[in-house]
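To start, the structure under review is shown below, and the notes come after it.
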Amino acid sequence: MRTEVIAGDITEVGVDGIIISLCENTERGEAPSSAVVAVDSALGGAIGQLLDSHGITGKANEVIVLHSLGRLPAKLVAVCGLGKQRDVTLDRVRDATAEGCRALRKLGCQAIGTTLIGAGSVGFDPAASARAITEGAVLGLYTFTRYKAPEGSEVERLCIVSRDQSSVDQLSRAADVGVVLAEATNVARDMVNEPANYMTPSRMAETAMELGSKYGLGVTVLDRDDMVSMGMGALLGVAQGSAEPPKFIRIDYDGDDSTDARTALIGKAITFDSGGISIKPSEGLAEMKDDMAGGATVIAAMVAIARLKPQVNVTALIPAAENLPGGHAFRPGDILKSLSGKTIEIMSTDAEGRLLLADAVTYAITEGMSPLIDVATLTGACRVALGTVYSGVFSNDEAVVTRFMHAAVRTGERMWRMPLADEYRELNKSLIADVKNTGNRFGGAITAALFVSEFAGDTPWIHVDIAGTSNSTKDSGVTVKGATGVPVRTLFEFVNSE
Ligand code: BES
Ligand code: MN
Ligand code: ZN
């Protein structure tokens, strides 16, 4: 899809469909934007009448599509609700754009025009609106078409219409940032939506190499032999039950040569999680192809970073393996020696993600990286606790996590801080090894985070559990069915906020 910002009038733009937006209760005296007034008058007062009869309410996520009956160059008008004016955020702008674009696509629109949603009715900075609009459109119109042709036509052009000629360049630049962030998120979605018979650890490494050469990032891939000589016993233990060789992927971005400081983004990449010998029940097992979502999101965040070039140094580390119960598989009761030297008693081979993270975190610390942000589909318990909208955030550093939570608010990716409860640390104690890889039945997301924190030690570290949020069963705003690509945009926003 091509996106552009043009100076003009929304009632005159030559596209198939246009998007206008409106707040709830507009009929009770809150003035609608001048674009709504202009479109309404071109339509002979249709919008006003629908408001009077409650056919249009302006509620968040409402989209009412009207036919222009030849009164406008555009055939269709999508009137998108933003919710109550005092509640409108840039995230609502993203969602409204996504909903409006999807509604118009369904009706066959290939070129869409939109006003600067939120700039007129709510008074947002027009550049912030432009960026939110392109993010919303590119995220909301995402489809995964590698194995099945799209059902209808695709949107080819999105045209943001501003009445101010002098700001077009500035708005275009902001719109382009939104496109880059949404496209990067879609890179993660593409990887996660791939089935496990395609997206193996080796394919993840190849994908990282391809993206690295396309966007100018240094990519290094460690093979099993390298891991053996380094002593990554935890990662190797997980990988040994599968014929697919594990890979440890490192991606470097150098944006600031005045310092050695380097942030690490670590992503769990289990390309299929059968549970191993502690095998999972077959119900819902197909979903376990997205157990590499953490890895995919940190790879994709590096794409955004390489394209937008913040002045920071960032390295992504992706421990990748498949968790299968083959003849060489590790077993419950086994003891693994991690890269840190700490020994781990395996209570469940299904608690494999934390083992990968342990070695990756140790690697990052050995390389002097800080802070460390890990992203992982780590626990079913996190999904039970927070559901499918909020990711769980754990940290040992108040300042860093505060920055991260603020970044998340700006992107609209929902995050909820969870306690790294010292009281539960003893649950990970083992009689015969330094730690064991499961706690008990309760507080499973917390004991998993505590396990990883044993390896982070005092290095500032954040853990994001995306087990509930990596996938969606429905379209809603910028979220579409399938992989969500959460938290690619927050990772970028975080490193960009240094
Ligand atoms: N990949 C799973 C976590 C998961 C569960 C992600 C559901 C998405 C949806 C992880 O490897 C796992 O199996 N965790 C276990 C931990 C348990 C054995 C302590 C879990 O959550 O059941
Ligand atoms: Mn598992
Ligand atoms: Zn897993």
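At 0.36 nm per residue, minus the direct Cα-Cα distance, what do Ala261 and Glu287 gain on full extension? Give it in nm, one decimal, please.
On the way: separation 26, 0.36 × 26 = 9.36 nm, distance 3.73 nm.
5.6 nm is the gain from fully extending Ala261 to Glu287.
Return the FRET efficiency for the residue pair Glu4, Asp52: r is the Cβ-Cβ distance, R0 is 35 Å, and the value is rounded to the nearest 0.05. Could the numbers behind the result be given before it?
Values: r = 36 Å, r/R0 = 1.01.
It comes out at approximately 0.50.
Using a 10 Å cut-off around each Cβ, can you sort Leu339, Leu69, Leu308, Leu139 from fewest to most neighbouring Cβ atoms?
On the way: Leu339 22, Leu69 10, Leu308 16, Leu139 27.
Ranking Leu339, Leu69, Leu308, Leu139 by Cβ neighbours within 10 Å, fewest first, gives Leu69, Leu308, Leu339, Leu139.
For Ala149 and Glu12, compute 0.36 nm times the residue count separating them, minus their Cα-Cα distance, and round to one decimal in nm. Walk me through the intermediate numbers first.
Numbers: separation 137, 0.36 × 137 = 49.32 nm, distance 3.35 nm.
Full extension from Ala149 to Glu12 adds 46.0 nm.
Pull out a ≥ b ≥ c, the square roots of the eigenvalues of the alpha-carbon gyration tensor of the stretch 2-183, then state rounded if a/c is under 1.5, prolate if not and a/b is larger than b/c, and oblate in the remaining case.
Numbers: a/c = 1.43, a/b = 1.23, b/c = 1.17.
Rounded, because the longest to shortest axis ratio a/c is under 1.5.
Place the peptides 224-235, 376-387, 158-169 in order of packing, highest mean first, counting for every residue the other Cβ atoms within 10 Å and averaging per peptide.
On the way: 224-235: 19.1, 376-387: 22.0, 158-169: 17.4.
Highest-to-lowest ranking by the protection proxy: 376-387, 224-235, 158-169.
In the chain, once you exclude exposed chymotrypsin sites (Phe, Trp or Tyr not before Pro) (DSSP loop, at most 13 other Cβ within 10 angstrom), what's the longest stretch remaining? Write down the numbers at each step before the final one.
Numbers: sites that count: Tyr147, Tyr198, Phe442.
Longest stretch, sites excluded: 199-441.
Taking the Cβ of Ile446 as the centre, find all other residues whose Cβ is under 11 Å away and add up their charges (Lys, Arg: +1; Asp, Glu: -1).
-2
Taking the Cα centre of the stretch 389-442 as the origin and placing charges on Cβ (Lys, Arg +1; Asp, Glu -1), which of Leu420, Asn437, Ala407 is farthest toward the positive end of the dipole?
Towards the positive end, the residue furthest out is Ala407.
Taking the Cα centre as origin and putting +1 on Lys and Arg beta-carbons and -1 on Asp and Glu beta-carbons, what dipole magnitude results for the chain, to the nearest 20 debye? Before the final figure, lay out each step's value.
Working: 46 positive and 62 negative charges, 175 e Å.
Dipole magnitude for the chain comes out near 840 debye.
Just the C-alpha atoms of the chain: what Rg/Rh do they give, with Rh taken as the Kirkwood radius?
Details: Rg = 24.1 Å, Rh = 23.5 Å.
Using only Cα positions, Rg/Rh for the chain is 1.02.
Just grab the label-to-label distance for Asp125 and Leu107, each label 7 Å out from Cα along the Cβ direction, in nm (one decimal).
Spacing of the two 7 Å Cα→Cβ label points: 3.4 nm.
Identify the trypsin sites (Lys or Arg not before Pro) of the stretch 16-97 meeting these criteria: DSSP loop state and at most 14 other C-beta atoms within 10 Å of the C-beta.
Working: sites: Arg28, Lys59, Arg71, Lys75, Lys84, Arg86, Arg92, Arg94; in loops: Lys59, Arg71, Lys75.
When the trypsin sites (Lys or Arg not before Pro) of the stretch 16-97 are filtered for loop state and at most 14 Cβ neighbours within 10 Å, Lys59 remain.
Give the residue list of trypsin sites (Lys or Arg not before Pro) in the stretch 421-497 that are DSSP loop and have at most 16 other beta-carbon atoms within 10 angstrom.
Details: sites: Arg425, Lys429, Lys436, Arg441, Lys474, Lys481, Arg489; in loops: Lys429, Arg441, Lys474, Lys481.
For trypsin sites (Lys or Arg not before Pro) across the stretch 421-497 that sit outside H, G, I, E and B with at most 16 neighbouring Cβ atoms in 10 Å, the list reads Lys429, Arg441, Lys474, Lys481.
Calculated FRET efficiency, Lys59 and Asp252, Cβ-Cβ r, R0 56 Å, to nearest 0.05?
Values: r = 46 Å, r/R0 = 0.83.
According to the calculation, E is roughly 0.75.
So which GluC sites (Glu not before Pro) in the stretch 95-176 are both in a DSSP loop and have at most 13 other Cβ atoms within 10 Å of their Cβ? Display every interim value, and only then the final one.
Working: sites: Glu99, Glu135, Glu151, Glu154, Glu156; in loops: Glu151, Glu154, Glu156.
Those satisfying the criteria are Glu151, Glu154, Glu156.
If you stretched the chain out fully between Ser430 and Val228, how much longer would it get, using 0.36 nm times the residue separation minus the C-alpha to C-alpha distance?
Answer, rounded to one decimal: 70.3 nm.
Each reported figure results from applying straightforward, stated rules to the coordinates on display, with no laboratory input. Only a predicted model underlies this, so the values are computations on that prediction, with no experimental measurement involved. Here Cβ is always computed from backbone atoms with ideal geometry, including for glycine, and neighbour counts include all displayed protein chains.
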